[in-house]
Structures are given as structure tokens and as C-alpha cells.
């Protein structure tokens, strides 16, 4: 397998996180569907955008000569790690608020990874990667705001004095 540069590894990580985001939003939609349809609609949009992000990342990975397979293998490992974290955090007792709190952590990680990728690419000077980061980072920042807003909306509906 081809050895990845730091930049290629970061591309793999954001690709894997986009893959994982689709699974996570689907899981949280199921936890939320009985509670708040507007939040479900937000999650649906996020899932669609994560799919488009994955597509664009995979397309770009194909432009790294001889590295696409290695980048996608690394992306699948990242997706697997994220799935393990999700299954630990969102156990059988999880509710919609738990789901949105998990997504808040996940989206913060995505914002961080995209920011790091953009910073690394300033030195690398890959124009296609710069374009991808400029497209994806604002979407990830909006996703973070949306899930944080969802978390606080759901938290406001909770009875703070009710037994957990």
C-alpha cells in the first residue's frame, strides 16, 4: 500500500468523517423522529451534505496519483473508529438529546479536521484541495451551529428535576 503524506492522511480523515456523519445522522434521526420534525429535517440536510462531501473527497483522492486506494482505506478506518465511538456514546438508553450532544462533538471534530487540512494545504498549494476546503468548512461550521442549537432546544424541553 502507498505511503500517505500528512496532507493525504488529513484528506483521508475528513473523508472518513463524512462517511461516519451519514451513519450518525441516520441514527440520531431515528432517536429524534418522535420528538421534533424540524430537527429531523435539519439532520436529513446534514446527511445529504455529508454524502456530497464524501463524493467530492473521493473524487479528489483519485487525483493523487497512485494514492486513492490508500486514502480510501484510511478513510474507512476513520469511519470505523467513529462508529465505535458512536456505539459507545449512543447506547440502548440514548435519546434525542444524547444524539444531538454526540453530533455536537462529532461536528466540532469535523470543523477541526477541515481547518487543519486547510492550514496544511496553504503550504502544499493544492488548488483543488483549497477549493474543497473553502466549500466544505463553512458547511461543517453550519452543521456545528445546527446541532448545538438542536441540543439546546432539546435541553430546554427537559425537566431538570426529573430523575434521569
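The set of residues from region 43-59 being buried (at least 19 other Cβ atoms within 10 Å of the Cβ) and closer than 18 Å to residue 150 by Cβ comprises 43, 46, 49, 50. Total residues in region 119-138 satisfying the condition of being surrounded by fewer than 18 Cβ atoms within 10 Å (Cβ to Cβ) and either under 13 Å from the mean Cα position of the chain (by Cα) or in a helix (DSSP H, G or I) (or both): the figure is 11.
Report yes if residue 149 is at pLDDT below 95, closer than 28 Å to residue 34 by Cα and surrounded by fewer than 19 Cβ atoms within 10 Å (Cβ to Cβ), otherwise no.
The answer is no for residue 149.
The values are calculated or read from the model by the stated rules, or taken from the named source; none is laboratory data. None of these values were measured; they are calculated from a predicted model. Please note: Cβ atoms are built from the backbone with ideal geometry, for glycine as well, and neighbour counts cover all protein chains shown.
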